[in-house]
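The values are calculated or read from the model by the stated rules, or taken from the named source; none is laboratory data. Quick caveat: nothing in here was measured; it's all calculated off a predicted structure. All Cβ positions, even for glycine, are placed from backbone atoms using ideal geometry, and neighbour counts span all protein chains on display. For the accessible areas, the whole protein counts, side chains as well, though only heavy atoms, and no ligand, DNA or RNA atoms are used. Shrake-Rupley method; radii C 1.70, N 1.55, O 1.52, S 1.80 Å.
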Amino acid sequence: MRTYLSKGVVLLAWFLVVPTIIPDQRIPRSQYLGDQRLVRIEKFFHDRNCPAAGLAEEFLVAADRHHLDWRLLPTISFVESGGGKEYIRNNIMGWGSSRSAFPTVRSGIHHVATQLATSRCYKNKNLAQKLKTYNPRPIYAQTVLRVMRAFGPEHLPAVGTASR
């Protein structure tokens, strides 16, 4: 009996003395906190009751990763799906005439960003050329450019930093 009791005391003491190892479960702080581009995208979508407001940071991550104009991806989602109001197959970007399917909406955003930046169909083209390839109807490019202007200028400084 004493052996079991002393083993239990030692075990209890070990749990009290040895710190419990729990991985850090804090949510990482966003690199876009205070970024005016984020504020503009969220406001644009909120003002129009668009579900894509919750994807504002994802649009920026994808655009920055692929050196795209920050307004392009949210604008395409707005023109193609009303900012996430009407879409199928997690394809808010209308990719492949909306026939393409993605595992998640976020993966669709990143797929389109990757294609616009690296695909032989889009790489080394300016914005007008990319839009013509995305959708050859002349009214499409005009609409996208008009909506992009509604988001604001291409270059916006983040709060407390130099312009990007």
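Within segment 109-123, is even one residue small (Gly, Ala, Ser), open to solvent by less than 30 Å² (accessible area, probe 1.4 Å) and part of a helix (DSSP H, G or I)? Lay out the reasoning, then the answer.
The initial filter retains those residues of segment 109-123 that are small (Gly, Ala, Ser), namely 113, 117, 119.
Restricting the remaining residues to those that are open to solvent by less than 30 Å² (accessible area, probe 1.4 Å) gives 113, 117, 119.
Within this subset, residues satisfying the condition of being part of a helix (DSSP H, G or I) are 113, 117.
Among the residues of segment 109-123, at least one is small (Gly, Ala, Ser), open to solvent by less than 30 Å² (accessible area, probe 1.4 Å) and part of a helix (DSSP H, G or I), which makes the answer yes.
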Meets criteria (modelled with pLDDT under 95, closer than 18 Å to Asp35 by Cβ, of a type outside the set (Lys, Arg) and crowded, with 17+ Cβ neighbours inside 10 Å) for Gly160: no
Which listed residue, of Ser107, Ser119, Ser98, is within 22 Å of the chain's Cα centre (by Cα), modelled with pLDDT under 95 and of a type in the set (Ser, Thr, Tyr): Ser98
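So which residues in segment 124-147 are among the hydroxyl-bearing types (Ser, Thr, Tyr) and buried (at least 16 other Cβ atoms within 10 Å of the Cβ)?
Within segment 124-147, the first condition is being among the hydroxyl-bearing types (Ser, Thr, Tyr), and the residues that meet it are 133-134, 140, 143.
Tyr134, Tyr140, Thr143 - these are the residues of segment 124-147 that are among the hydroxyl-bearing types (Ser, Thr, Tyr) and buried (at least 16 other Cβ atoms within 10 Å of the Cβ).
Considering only residues that are surrounded by fewer than 19 Cβ atoms within 10 Å (Cβ to Cβ), more than 21 Å from Tyr140 (Cα to Cα) and touching a helix residue (DSSP H, G or I) at 6+ places or on another chain (Cβ under 9 Å), which ones fall in segment 92-108? Before you say what the answer is, go through the steps one by one.
Of all residues in segment 92-108, those surrounded by fewer than 19 Cβ atoms within 10 Å (Cβ to Cβ) come to 96-104, 106-107.
Narrowing the set further to residues that are more than 21 Å from Tyr140 (Cα to Cα) leaves 101-104, 106-107.
Within segment 92-108, Ala101, Phe102, Arg106 meet the criteria.
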